[in-house]
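To keep things clear, I will list the structure first and then write my remarks on it.
What follows is calculated from the coordinates using simple rules that are stated; it is not laboratory data. The structure presented is a predicted model; accordingly, all values stated were derived computationally and were not measured. All Cβ positions, even for glycine, are placed from backbone atoms using ideal geometry, and neighbour counts span all protein chains on display.
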Amino acid sequence: MALVSAKEMLEKARDGKYAVGQFNINNLEWTKSILQTAEELKSPVILGVSEGAGKYMAGFKTVANMVKGMIECLEITVPVALHLDHGTYEGCYKCIDAGFSSIMFDGSKLPIEENVAKTKELVGVCNKLGLSLEAEVGAIGGEEDGVIGRGECADPDECKKIADLGVDMLAAGIGNIHGKYPADWPGLSFDTLAAVKKKVGKMPLVLHGGTGIPTDMIKKAISLGVAKINVNTECQLAFTAATRKYIEEGKDLVGKGFDPRKLLAPGTQAIKDTVKEKMEIFGSVGKA
Ligand code: 13P
């Protein structure tokens, strides 16, 4: 199956009261693990690529071609969207050119008028090309690719302003942050989520910072209109812990244990296990 826009899968998720996972990719092992797990569980999936990860993987064109090649060679039949995560204005155009099927324009740090103008322009471009577009209001806190945000709660009126421009999904800050949550994190602001939902109507909402949010909060967020949940750090932590264990047990020193295909196998399995667990919690299993 060719790459698809995220629009249809998210509308189905919103109506069916489940969420589609966006799992960020960092390399070939990540991509393969996520695609294989989605296929095994018959779940739609969104592969997220930050600008930093795109650069690391030798550019957005390399990423798009790798993903398209894997979909064909691994005979993936479930819907897959390849999505730019937290894109700059310039990054959006690069990914459109590279063949991504979905784009996030993160204008959350711009004055609202500039966020509106740029989002509006990108709505026109993405609509014409059949790509889905995500916009953000209220910066998501924590650190991602060296960018540190504070975990704001979005202004519901600003959310409506951006949603009305015709984007396909909206990320609204509700106290969520990227990376690990601190011990004194007060939790998601469901009052903000409910107020945003009331203003934006049927617009599928996106929850960033999916790592470490307790299951009951995830389920409540889905019940209040969240249809896409982003996960990155949790796969990284699982991969690293499994790789550390392999080396600490001295397995790289036995036979051909140094072969990267062996060295990276436990970490790869750990990503699969993490993605499976998340898809089960999000309710997307069997929804492809
Ligand atoms: P985590 O790294 O906290 O899972 O967040 C991922 C994310 O929101 C990507 O946009």
(request) Measure nothing but the geometry: give the 0 to 90° angle between the long axis through the Cα atoms of 7-16 and the longest principal axis through the Cα atoms of the chain, rounded to 10°. (result) 80
(request) Would you calculate, for the chain, the mean residue ellipticity at 222 nm contributed by helices, counting each DSSP H stretch of 4 or more residues as -39,500 (n - 2.57) and dividing by all residues, to the nearest 500? (result) -14500 deg cm²/dmol
(request) Only Lys, Arg, Asp and Glu count, each charged at its Cβ (+1, +1, -1, -1), so figure out the dipole size of the chain about its Cα centre, rounded to 20 debye. (result) 580
(request) Beyond 23 Å between alpha-carbons counts as too far, so tell me which of Lys219/Lys245; Lys94/Lys199; Lys180/Lys276 fall in that bin. (result) Lys219/Lys245; Lys94/Lys199
(message) When a/c reaches 1.5 or more, the comparison of a/b and b/c decides; with that in mind, is region 55-211 rounded, prolate or oblate per its Cα gyration tensor?
(response) prolate
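Based only on other Cβ atoms within 10 Å, what is the fewest-to-most ordering of Val67, Val49, Val206, Val78?
If I rank by nearby Cβ atoms, fewest first, I get Val78, Val67, Val206, Val49.
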(request) Out of all DSSP beta bridges with both ends in the chain, state the antiparallel percent to the nearest 5. (result) 10
(request) Would you kindly derive the ³J(HN,Hα) couplings of region 256-270 from the backbone phi angles with the Karplus curve 6.51 cos²θ - 1.76 cosθ + 1.60 (θ = phi - 60°), listing them in order in whole Hz, with x for Gly and Pro? (result) 9, x, 7, 4, x, 5, 8, 4, 8, 5, x, x, 5, 5, 5
(request) Using amide H atoms built 1.01 Å from N in the peptide plane, name the residues 5+ places from Ser284, or on other chains, whose amide H lies under 5 Å from its own. (result) Ala19
(message) Can you give me the angle between helix 89-98 and the longest principal axis of the chain, using Cα atoms only, in degrees from 0 to 90, rounded to the nearest 10?
(response) 60
